[in-house]
Amino acid sequence: MKFEQSMALRYLISKRRITFVTAISFISIIGVTVGVAALVVVLSVFNGFNGLVTSILVGFDPHLRIERKELQEVESYESLTKEFQTTPEIHGYAPFVMGKALVVSRSVNRVINIKGMDESTIDAVSGLRETIVLGELDFQGRRDNGMVIGLTLADRLGVVSGDTVSLVSPAGSEPALLQRGQPMIHRFVITGIYESNNKEYDALYAFVSLSAAQRLFELGGKIHGVEARLSDLDEAGAVSSDLAERYGGSFRILTWYDLHRELYSVMEIERWMAYVILCLIIGVASFNLLGSLTISVIEKTRDIGILKAMGATRRFVQGIFMYQGLLVGVLGSIGGLLLGVVIVILQQEFHLIPLDPTVYIIPAIPVQIRIMDIVLVPFTAIGLSSLAAIYPSRRAGSLIPVEAIRWE
């Protein structure tokens, strides 16, 4: 240990008696500890909810969606699908058609999203089959008119598995509005009801066969694009960039993050706002540290003067008080990390803050620790503590030896 470091430790922790300055220094350490622990816990909660949302969305959505700028036949995707077959990261792929239609059941009308997919390939890109709670995933129905809808939508329409609903296609809306023809109405049989734990999907999405969707929207043999699922979700960005370099001029490639960019952007803003607000706790502790170090410089004026008279440099004296601020940040960070990690582990194992399972889909508040948070939070605390020590250390370094010991 360097001499200035030992001096800083001696000034911080007095072995003889506890002074007012020492008490304020301990309060600063406790403040940094509480701030770091609060940051670790709150960021872990944000990470937990982020992971929960991602698992729900990705479990139901594809990892990649590839679309052409204009509708094309299935054959136009042949070069892309051949690329999929030789890409080890791609687990499966399937063509799709998507559009809006008016669903009519008894006296209830709803505009919903209709997604057409091939029943033989849907399991390769979607977890729809695993979310079926009533009936089964059967797009054939009686005459290729089977439909799977969400539980919330089924409740609003007042239908169950086996009931029949009508879909009004937007393809025939223009002649109907001009009174030149009748709107195109297709009847579908509810063969299954799913619950994805996502109210937007459960209330607004219905699934039919690819051929039925093409007839509904009068697309002929055209499709809107191809969806793919990867073996590793984290590879979505790399695979998307690679495909964009090869086919970016002809296709629009979206990752699972791009499909829900607005949601994740809001969550990220909330996370950083919580980080900034909770940093104020560490900022208050740092302000206390600034005060204690300033008082310490005043109390140690004679000692500083003697040190400088013995040949101590300005940088040496500044180092004593900078190390003192650094020591407060390090001790507070270590204590806060340990306390925060312990709280997170207890929440994971024993559900200290439970949730009502009849209202929420999880039994307790989710938490997840990330290595980046474990690195960022202590650096923030140490940085603020070191910043608070700059003024007192410069004041100590600028003391003139003669003036410092004149009245002693």
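Within the bounds of the range 357-374, is there any residue that is under 15 Å from Gly35 (Cα atoms) and part of a helix (DSSP H, G or I)?
Within the range 357-374, the first condition is being under 15 Å from Gly35 (Cα atoms), and the residues that meet it are 373-374.
Within this subset, residues satisfying the condition of being part of a helix (DSSP H, G or I) are 373-374.
For the range 357-374, residues under 15 Å from Gly35 (Cα atoms) and part of a helix (DSSP H, G or I): present.
Would you confirm whether any residue within the range 21-28 is farther than 30 Å from Asn197 by Cβ, at pLDDT below 70, of a type outside the set (Lys, Arg) and surrounded by fewer than 18 Cβ atoms within 10 Å (Cβ to Cβ)?
Residues of the range 21-28 that are farther than 30 Å from Asn197 by Cβ, as a first pass: 21-28.
Add one more test, that the residue is at pLDDT below 70, and what stays is 21.
Narrowing further to those that are of a type outside the set (Lys, Arg): 21.
From the residues that got through so far, the ones that are surrounded by fewer than 18 Cβ atoms within 10 Å (Cβ to Cβ) too are none.
No, there is no match, as no residue in the range 21-28 is farther than 30 Å from Asn197 by Cβ, at pLDDT below 70, of a type outside the set (Lys, Arg) and surrounded by fewer than 18 Cβ atoms within 10 Å (Cβ to Cβ).
Starting from the range 321-347, take each residue that is more than 16 Å from Ala388 (Cβ to Cβ) and at pLDDT below 90 and list its partners that are surrounded by fewer than 17 Cβ atoms within 10 Å (Cβ to Cβ) and not hydrophobic (A, V, I, L, M, F, W, C), counting only C-beta distances under 9 angstrom and pairs at least six apart or across chains.
As it stands, the answer is none, since no pair meets every condition given.
For every residue, the table says whether it meets (1) buried (at least 18 other Cβ atoms within 10 Å of the Cβ); (2) farther than 30 Å from Ser55 by Cβ.
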residue: Met310; (1), (2): no, yes
residue: Ser333; (1), (2): yes, yes
residue: Gly336; (1), (2): yes, no
residue: Ala364; (1), (2): no, no
residue: Val375; (1), (2): no, no
residue: Phe379; (1), (2): no, no
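If you take the residues in the range 290-308 that are crowded, with 18+ Cβ neighbours inside 10 Å and within 41 Å of the chain's Cα centre (by Cα), which one is farthest from Val34 (Cα to Cα)?
Leu293
Buried (at least 20 other Cβ atoms within 10 Å of the Cβ) and either more than 30 Å from the chain's Cα centre (by Cα) or not small (Gly, Ala, Ser) (or both): does that describe Ala94?
Details: buried (at least 20 other Cβ atoms within 10 Å of the Cβ): yes; either more than 30 Å from the chain's Cα centre (by Cα) or not small (Gly, Ala, Ser) (or both): no.
Against the criterion (buried (at least 20 other Cβ atoms within 10 Å of the Cβ) and either more than 30 Å from the chain's Cα centre (by Cα) or not small (Gly, Ala, Ser) (or both)), Ala94 does not qualify.
For the list (1) of a type outside the set (Ser, Thr, Tyr); (2) at positive phi; (3) within 33 Å of the chain's Cα centre (by Cα), I need the number of the one condition that Arg106 fails.
(3)
Out of everything in the range 381-408 that is of a type outside the set (Lys, Arg) and assigned to a loop (DSSP other than H, G, I, E, B), what residue ends up being surrounded by the most Cβ atoms within 10 Å (Cβ to Cβ)?
Ala389
If we only count strands (runs of 3 or more DSSP E) wholly inside the range 66-142, which ones have 3 or more residues that are free of Cβ contacts under 8 Å to residues at least 60 places away in the same chain and not basic (Lys, Arg)? Don't jump to the end; show me each part of the working.
Details: elements: 90-105, 108-117, 132-135.
Of the strands (runs of 3 or more DSSP E) lying wholly inside the range 66-142, those with at least 3 residues that are free of Cβ contacts under 8 Å to residues at least 60 places away in the same chain and not basic (Lys, Arg) span 108-117.
Scan the range 97-112 for residues that are out of contact with any Lys or Arg (no Cβ under 6 Å at 6 or more places or on another chain) and surrounded by 14 or more Cβ atoms within 10 Å (Cβ to Cβ) and jot them down.
Result: Val97, Gly99, Ala101, Leu102, Val104, Ser105, Arg110, Ile112.
Of all residues being among the β-branched types (Val, Ile, Thr) and surrounded by 16 or more Cβ atoms within 10 Å (Cβ to Cβ) in the range 55-74, which is modelled with the highest pLDDT? Just the residue, please.
Of the residues in the range 55-74, the ones among the β-branched types (Val, Ile, Thr) are 56, 58, 66, 74.
Next cut, surrounded by 16 or more Cβ atoms within 10 Å (Cβ to Cβ) only: 56, 58, 66.
Details: Ile56: 87, Val58: 87, Ile66: 91.
Among residues in the range 55-74 that are among the β-branched types (Val, Ile, Thr) and surrounded by 16 or more Cβ atoms within 10 Å (Cβ to Cβ), the one modelled with the highest pLDDT is Ile66.
When you scan the range 236-256, do you find a residue that is in contact with a helix residue (DSSP H, G or I) (Cβ under 7 Å, 6 or more places away or on another chain), under 27 Å from Arg110 (Cβ atoms) and modelled with pLDDT of 90 or more, even just one?
Scanning the range 236-256, I find at least one residue that is in contact with a helix residue (DSSP H, G or I) (Cβ under 7 Å, 6 or more places away or on another chain), under 27 Å from Arg110 (Cβ atoms) and modelled with pLDDT of 90 or more, so the answer is yes.
Can you pull out every residue in the range 209-229 that is of a type in the set (D, E, K, R) and outside any helix (DSSP H, G or I)?
Of the range 209-229, the ones of a type in the set (D, E, K, R) are 215, 218, 222, 227, 229.
Within the range 209-229, Glu218, Lys222, Glu227, Arg229 meet the criteria.
The values are calculated or read from the model by the stated rules, or taken from the named source; none is laboratory data. Predicted, not measured: the structure shown is a model, and the values here were computed from it. FYI the Cβ positions are ideal-geometry reconstructions off the backbone, even for glycines, and counts take in every protein chain you see.
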